[in-house]
Amino acid sequence: MNSNFDFILSQWPKIAETALEAEKHAFTAPVTSAFYSRMTLEKTVGWLYSHDNDLQEPYESTLSARMYESSFKNLIPGSIYNEINFIRREGNNAAHGK
């Protein structure tokens, strides 16, 4: 079966691993899917920070701190930033039973 994430399998297999889990559970276990979506986001943002010299590492390396850092916010278009912030929040809710 084809996945929406086949295009990242060869170049970013660790990111693809959790993205595929999120996709697999999207309809059958949405809380699990939200958790894996957030994990995928955290891996992706971490990869960006380790490969883009224009991103300034914030005071701590949490997903939230990295996302709120101005060099990151200036890099990501507003509409995409809102979507990934939604994933961050819903993933947190899933992990903490809300």
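Test F86 against the criterion of being open to solvent by 50 Å² or more (accessible area, probe 1.4 Å), within 25 Å of L9 (Cα to Cα) and more than 15 Å from the chain's Cα centre (by Cα), and give yes or no.
In short, no.
With A26, A16, A34 as the choices, which residue is in contact with a Phe, Trp or Tyr (Cβ under 8 Å, 6 or more places away or on another chain) and either closer than 17 Å to I84 by Cβ or of a type outside the set (S, T, N, Q) (or both)?
The unique qualifying residue is A16.
Within region 37-71, which residues are open to solvent by 60 Å² or more (accessible area, probe 1.4 Å), within 24 Å of P13 (Cβ to Cβ) and aromatic (F, W, Y)?
W47
Is one or more of the residues making up region 60-68 touching a Phe, Trp or Tyr at 6+ places or on another chain (Cβ under 9 Å), of a type outside the set (A, V, I, L, M, F, W, C) and within 26 Å of K24 (Cα to Cα)?
So far as region 60-68 goes, no, none of its residues is touching a Phe, Trp or Tyr at 6+ places or on another chain (Cβ under 9 Å), of a type outside the set (A, V, I, L, M, F, W, C) and within 26 Å of K24 (Cα to Cα).
Being in contact with a Pro (Cβ under 9 Å, 6 or more places away or on another chain) and either surrounded by fewer than 17 Cβ atoms within 10 Å (Cβ to Cβ) or in contact (Cβ under 8 Å) with a residue 60 or more places away in the chain (or both) narrows it down to one of A94, A34, so name that one. Don't jump to the end; show me each part of the working.
Numbers: A34 fails: in contact with a Pro (Cβ under 9 Å, 6 or more places away or on another chain).
Only one candidate qualifies: A94.
Taking region 1-20 on its own, how many of its residues are in a helix (DSSP H, G or I), open to solvent by 70 Å² or more (accessible area, probe 1.4 Å) and without any contact (Cβ under 8 Å) to a residue 12 or more places away in the chain?
3
Would you pick out the residues in region 72-83 that are over 14 Å from the mean Cα position of the chain (by Cα) and under 19 Å from I15 (Cβ atoms)?
Within region 72-83, L75 is the sole residue that qualifies.
The values are calculated or read from the model by the stated rules, or taken from the named source; none is laboratory data. If you're wondering where the values come from, they're calculated on a predicted model, not measured in any experiment. Every residue, glycine among them, receives a Cβ derived from its backbone with ideal geometry; neighbour counts consider all protein chains shown. The protein model used for the area step is the full one, side chains on, heavy atoms only, and it has no ligands, DNA or RNA in it. Shrake-Rupley method; radii C 1.70, N 1.55, O 1.52, S 1.80 Å.
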